1. Please report the base-10 log of the normalised intensity I(q)/I(0) for chain B, using a Debye sum with one equal scatterer per alpha carbon and no solvent, at each q in 0.11 (1/Å).
2. Run the numbers on segment A:1-61 and let me know its relative contact order in percent, using alpha-carbon pairs under 8 Å that are six or more apart.
3. Tabulate in residue order the Karplus-calculated ³J(HN,Hα) for segment B:161-172, using 6.51 cos²θ - 1.76 cosθ + 1.60 with θ = phi - 60°, rounded to whole Hz; enter x for Gly and Pro.
4. Please report, to one decimal in angstroms, the Kirkwood hydrodynamic radius of segment B:339-431 built from all distinct Cα-Cα pairs.
5. Obtain the radius of gyration and the Kirkwood radius of the protein assembly as shown from its C-alpha atoms and give Rg over Rh.
6. For labels at A:ARG105 and A:ARG64 in the simple 7 Å Cα→Cβ model, what's the distance in nm?
7. Using the Karplus equation 6.51 cos²θ - 1.76 cosθ + 1.60 (θ = phi - 60°), what ³J(HN,Hα) coupling, rounded to whole Hz, does each residue of segment B:255-262 give in order, writing x for Gly and Pro?
8. Which ³J(HN,Hα) values in Hz, rounded to whole numbers, follow from the phi angles of segment B:58-64 under the Karplus curve 6.51 cos²θ - 1.76 cosθ + 1.60, where θ = phi - 60° and Gly and Pro get x?
Amino acid sequence: MTGRSQYRVVIVGAGIVGLYTAWHLAEAGVTDVLVVDRGFLSGGASGRNGGGVRQQWETPATVRLARESVGAYRRFGVDFGYNVWFRQGGYLFLAETPAELDRLRAVVRIVNAEGLPARVLTPSEVLRHAPALDVTGIAGGTFLGSDGTLYPFPAVWGLFEALRARGVEVTTGTPVTGFRIEAGRVRGVVTASGTVAAEAVVNAAGGWSRDVSRLAGLETPNVASRHEILATEPLKPFLDPMVVRTSDGLYFSQTMRGEIVGGLSLPHPTGTGSGMPSSIRFLGTMARALTGLLPALASVGVLRAWSGFYDETPDGLPILGEDPRLGGFYHANGLGGHGFMLAPATSRRVAEAVLGQRTDLDPALFGPGRFLEPGRARQAERLTLG
Amino acid sequence: MAATGSSPPRWRGRPLAGPEGASLVARLARAGLPELQRSLRYHRPRAPFCGIGQCTNCLVGVNGRPNVRGCRYVPLAGDRITSANSWPSPSWDLLGVLDLLFPRGLDTLHGFTWPRFAAPLYHRVIRRLAGYDRLPEGGAATGPAGPPAPAVADPVETDVLVIGAGDAGTAAAAACAGRGLETLLVDRGPPAEAPGPARLARTTVVFLPPPEGEPSRFSALVHEEAGPARLVRARRVVVATGGYDGPLLFGNGDRPGVVTAEGALALGLADADPWFRRAVVFGGGPRVLPLLDRFGTHVEAVVAPGAVSPAVVERASALDVPIYPRTLLLEALGRRRVRGLRLAPRGGGPTFDLEADALLLAHRRLPQPQLFYQAGARMRWHATLGAYVPDLEAGGATSVPGLYAAGTAAGLLEPAASAASGEAVADAISGSGVARPAPPALPESTGELEGYYVELLRRPRGRAKRLLCPCEDVLLTEVEEAVANGYRGVEVVKRRTGVGTGLCQGRYCLPDLLLVLAHLEGRPPAEVGYITQRPPVLPTPLGALARLPTATGSEEEGA
Ligand SMILES: Cc1cc2nc3c(=O)[nH]c(=O)nc-3n(C[C@H](O)[C@H](O)[C@H](O)COP(=O)(O)OP(=O)(O)OC[C@H]3O[C@@H](n4cnc5c(N)ncnc54)[C@H](O)[C@@H]3O)c2cc1C
Ligand code: FES
């Protein structure tokens, strides 16, 4: 149930992206906002991710967004009164072939050009950052110490309570089932418990964003791709950085609770239809990859496995801003496997767009219209694993 | 493989006494109440509780392998057994001071954010508190020795897979095999002594995704102790995983000396154990009887949350054991271990204390429902049990085609009903015989436990910590705070407080959480929500999973 029948802005999805967007609107003085979610708080990818936060990217614009977000998460505890335990233990990328290492070198150059001290590592330097690894077959790696990991849940609670304190409504258990559209503009949102009028709508539905756009008659190229993840029994701290192997997308870190949490890329049928199951295939593949790189984990138990959706785009970059085909309909989606780490910065720009302000986003990189001009060569982000 | 030799196994550097061939916990219990480790956040002393390899209280390191459950592990010559998460020892632990320093809990949700420059320091300190044991040294850490992996073709193919060799599973397997169905029985326990259908012993089904393909078939992920994980393919699966003795919420409920009924029986606690002179049994139903039989004159009293069954009254009177029906258990007394219990009559009245060395929980038998959830079976709330059970048709069929339930796992508590339900399943599977009606379940007297918890939570409480989730040291007050702040439903409260995310996979806290939330949210437990049961059913070593065949042929997904 929603409290009122009309809002200035309705945000679909109460994940980290929807909540941060509402927060930036509130910061700008706009609290006549409804955030509506069909599930429970943290039931989407925002409650299912690996908590990785990195600034090593191929596209300079993404490096800048990530750097801004790192600042936000460093301040989160003071700003919101919740500790996200953002531990800057670094991100360690591993390459197995000279070609992969060359690609990582190029990334380091881009990151350095943005003023961040990422470094290329030899295998023995890799060992210094993560002594438990078996570096046989590792050609080298890269490292940036100000990258890190956080505990995602408190970020959701902190934003939720801060919004409530500002009078912003966050309603869960209420699916959006359609939109009211008049004269090429979105005018309202149809939910399972009634229709509310809105001047602007933000699609922050993560893996379900393509489904939600369709409710407004819009086709987008987003693909919901299921990614599985597991956590082991907790151990005393032994691993500081997040480790990512580019060849198979294996990533893992040791959380504040001592568990090794991680996953790898495994093709699954796409789309949100089949739900979020775990698979035996993943458990086997992940166990082989993990014990190959960190043999001492062989006798450590897997405690639980789960999965969630990456909301992927063809060019690996998020979709941010107003849809040129439908006035008042804004996208804050397509964040792939990296929405948690980018949300503070991307959501600020979406909020600016909703408020009619100029943003520093290059529409050719992030604009929803970019996919409507086929054949145009664009920059893409390919370092999307891990 | 573990080192062998003639030297005795060593516990914390000293030769281990006690009967050879018994579990570590049973051996240590001969000398006194074994304290094996400290809890995660507050370093509270912990001693064996469940006795069946499910809780977190007896984790030890064996030859460098972390988190081995001492109640199921039988020490071998040459084994080096270490304790975790305590210094200098589990009995005298310096960090035990945390429990006193934070009488109202350590607030890792809001605290440690200020000043900002101290964050790295906070991270270092709090990280050290997490986790029990260390990463095994080197890649060649060995676990406790087990039988070598049998030479069974992988994946194992069978017509009927029966999971659990209790009364129900044994009956189901025998009846299926008797009808000419190819049958495989899998159980966590040792091999059967009597001949019977094909059997995998010391093996746990850790993941049962929904069936796939046409005709549909199950692929179960099984793990044999100290062996590899493997696949068992079956057209029909009978889940007869039985039940376990459930938890109870009270002040200092995690104190050493609090043991489940089956724990007390399985650990072989005996008259000779010096710390076990005066036991109080909590419960009023059939679970109490074997305890009275076994511990007889050492039972100080029977305390029941509700009415006491006539059979218990009769047996207790014969032994001269006093009975306290309709009584709230408020708090365990004793700073380091149980020395007594604080009780109060239900419905109001002054509190009173009983002296006791041990508390045996026999009030609540819960089904093991994980595999039903994983396979996607429809569940329903069973008010007497205070738990979810599969929604069954006659013959024990669940809502998932090919998946059947029998025995306690299906919500049946009477042993006789269990065996009968196993046979009924075999009838349904083989299509022979008349489909018998499902055996009668216990009458569902709504709200027995719900009422108890409502009264408990309404009473003013003392200062003793009430740990809702002992694995993660989550306090009842943290759950109350979450609800007061507008967080609703099991899934959200679980994510917010960490309840249910520990090594027992929520077995010893989620059942209580449901009842607590029902009260706090003012709605029936059935509306509070389902609990997603994630695979695996028990922690499964990565090394075992790594030995799964590379191409399993299909998605094998579920849960
Ligand atoms: C396994 C895994 C690991 C990951 N690891 C990382 C990582 O290490 N670092 C990182 O930064 N990111 C990671 N991510 C990605 C990150 O979690 C997501 O990008 C981010 O959480 C997206 O946030 P969101 O708010 O857009 O989506 P979500 O959190 O998914 O929220 C979307 C919400 O929309 C709601 N919704 C959907 N349809 C409707 C409807 N019709 N009506 C109403 N509500 C609706 C859903 O219920 C959901 O709550 C990972 C993701 C997964 C799955
Ligand atoms: S008591 Fe084990 S997870 Fe809560």
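1. Scattering profile of chain B, log10 relative to I(0): -1.07.
2. Relative contact order for segment A:1-61 comes out at 36 percent.
3. 10, 10, 10, x, 10, x, 4, 5, x, 4, 5, 5
4. Across segment B:339-431, the inverse of the average 1/r is 15.7 Å.
5. Numbers: Rg = 28.4 Å, Rh = 29.3 Å.
So for the protein assembly as shown, dividing Rg by the Kirkwood Rh gives 0.97.
6. It is 2.8 nm.
7. My calculation for segment B:255-262 gives 4, x, x, 8, 9, 6, 4, 5 Hz in order.
8. With coefficients 6.51, -1.76 and 1.60, one gets 10, 6, 9, x, 10, 6, x Hz.
The values are calculated or read from the model by the stated rules, or taken from the named source; none is laboratory data. The shown structure was predicted, so the numbers you read here are calculated from the model rather than taken from an experiment. Neighbour counts are summed over all protein chains in view; Cβ atoms, including those assigned to glycine, are modelled from backbone coordinates with ideal geometry. When the accessible area is computed, the model is the full protein with side chains, heavy atoms only, and any ligands, DNA or RNA have been set aside. Shrake-Rupley method; radii C 1.70, N 1.55, O 1.52, S 1.80 Å.
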